[in-house]
Amino acid sequence: MYAKGQLQKHAEEILKEIGIQQSQRVLDCCCGSGTYTIAAAQLVGENGLVYAIDTNSEKLNDLRQRINSRKLQNIKIIEEDVELRVPLQDSFIDIVLLYDIFWYFRPAENKLAALLREVYRAAKPNALISVYPAHLDLDELKNFKNEMENKGFSLENEYSRQLVHEGRIEKGKLLNFKKIENYQVKKLEEQIADLKARLPAHSVSPAMIDRLEKLEEELERAKRNRNSKW
Ligand SMILES: C[S@@+](CC[C@H](N)C(=O)[O-])C[C@H]1O[C@@H](n2cnc3c(N)ncnc32)[C@H](O)[C@@H]1O
């Protein structure tokens, strides 16, 4: 049995290590009863803010009690289904925690893709997305990493350590990603450059011209939505 204080202290060490700092805005996505939420709130201090989102009202009530007993003023609880939306403005969050969410969000399913789209939109350029992939086997983890790369996040580092999981301290992995700024724009520019390099000097096929025009239109759209979409 672990004392709550011990779990809390351990969670704080983990979040300090990934780089949560004073005054930052953190999104704890699917926070549950909030062991990591409270740890994040201690680290960001009174000038920072932690947004704690979950659908489970019982767990959120637990979190409310823990917040009240610690008299914390810098946590905003949001009861919302993050698959539908993350109710925060674009390019707003410094650090997103996706800790132990994969029981509900499986790699390669539409639900996870929808969540990652929202995370991308709400994260600041170069935001850190820290992931604790509990309940994923090796193949699923590989698929998840590919999915993150395709959705505009680059893997910065990955390591094993003791983590807080379901009221225990146990060994697990942490994966830390960065949001790639203007991901969609960069990807389309690469595709256009690649296509142009393959255009023959004479008699370009109508299909190629059509493809090029479509990519250029997509690029214009992506530039208008810079940073908020892939
Ligand atoms: C295993 S708990 C992890 C809690 C916390 N992140 C931690 O590591 O201690 C997963 C949480 O995801 C929440 N969840 C599942 N689907 C969700 C959704 N669509 N929107 C918001 N929260 C969701 C559940 O209610 C549950 O509290």
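Give me the angle, in degrees from 0 to 90, between the Cα long axis of helix 206-224 and the longest principal axis of the Cα atoms of the chain, rounded to the nearest 10. Between the helix axis and the principal axis of the chain, the angle is about 40 degrees. For the chain, the percent of C-alpha pairs falling in each 5 Å distance bin, counted from 0 to the bin holding the largest distance, reads 1, 6, 13, 17, 18, 15, 10, 6, 5, 3, 3, 2, 1, 0, 0. Using a simple spin-label model with pseudo-atoms 7 Å out from Cα toward Cβ, E46 and K111 lie 4.1 nm apart.
Within the accessible area of the range 126-230, the carbon and sulfur atoms contribute 47%, probe 1.4 Å, all protein chains present. Taking the C-alpha atoms only, the angle from helix 183-198 to the longest principal axis of the chain is near 20 degrees. Highest mobility in the GNM of the chain, judged by mean-square fluctuation with C-alpha springs under 10 Å and restricted to K111, K124, K214, is found for K214. Which of the residue pairs K59/K151; K76/K178; K142/K196; K16/K124 have a Cα-Cα distance greater than 22 Å in the structure shown? K59/K151; K76/K178; K142/K196, as the Cα separations exceed 22 Å there.
Quick one: length gained pulling R221 to K142 fully straight, 0.36 nm per residue minus the C-alpha distance?
Details: separation 79, 0.36 × 79 = 28.44 nm, distance 3.10 nm.
Here the segment from R221 to K142 would lengthen by 25.3 nm.
Taking 0.36 nm per residue of sequence separation and removing the Cα-Cα distance, the W103/I192 pair yields an extension gain of 28.2 nm. Computed from Cα atoms, the angle from the helix 57-70 axis to the main principal axis of the chain rounds to 60 degrees.
Were the residues from E166 through Y2 laid out at 0.36 nm apart, the gain over their Cα-Cα distance would be 58.0 nm.
Surface exposure of the chain, expressed per residue as accessible area with a 1.4 Å probe, stands at 53 Å². Database remark: amide H of G48 closer than 5 angstrom to the amide H of S23 (H placed geometrically; neighbours at sequence offset of 5 or more, or on other chains; Pro and chain starts carry no H). Please find, in a Gaussian network model of the chain (springs between Cα atoms separated by less than 10 Å), the residue of R85, R70, R117 whose mean-square fluctuation is greatest. Highest fluctuation among the options: R70. The translational diffusion coefficient of the range 13-52, from Stokes-Einstein at 25 °C and 0.890 mPa s with a Kirkwood hydrodynamic radius over alpha carbon pairs, comes to 251 µm²/s.
For the range 43-52, 3J(HN,Hα) computed residue by residue from phi via the Karplus equation (6.51, -1.76, 1.60; θ = phi - 60°) reads 7, 7, x, 6, 8, x, 8, 10, 9, 10 Hz, glycine and proline entered as x.
Its DSSP H runs of at least 4 residues, each contributing -39,500 (n - 2.57), put the calculated 222 nm mean residue ellipticity of the chain at -14000 deg cm²/dmol, to the nearest 500. Note on E17/H135: beta-carbon distance plugged into 1/(1 + (r/R0)^6) with R0 of 25 Å gives a FRET efficiency of 0.65.
Element breakdown for the range 22-85 at a 1.4 angstrom probe: carbon and sulfur atoms account for 36% of the accessible area.
Placing unit charges on the Cβ atoms only, positive for Lys and Arg and negative for Asp and Glu, gives the chain a dipole magnitude near 460 debye about its Cα centre.
Among the protein heavy atoms, those of E156 account for about 100 Å² of accessible surface (1.4 Å probe, every chain in place).
The values are calculated or read from the model by the stated rules, or taken from the named source; none is laboratory data. It should be emphasised that the depicted structure is a prediction, and the values quoted were computed from it without experimental measurement. All Cβ positions, glycine included, derive from the backbone under ideal geometry; neighbour counts span all protein chains shown. Protein only, heavy atoms only, side chains kept; ligands, DNA and RNA dropped before computing areas. Shrake-Rupley method; radii C 1.70, N 1.55, O 1.52, S 1.80 Å.
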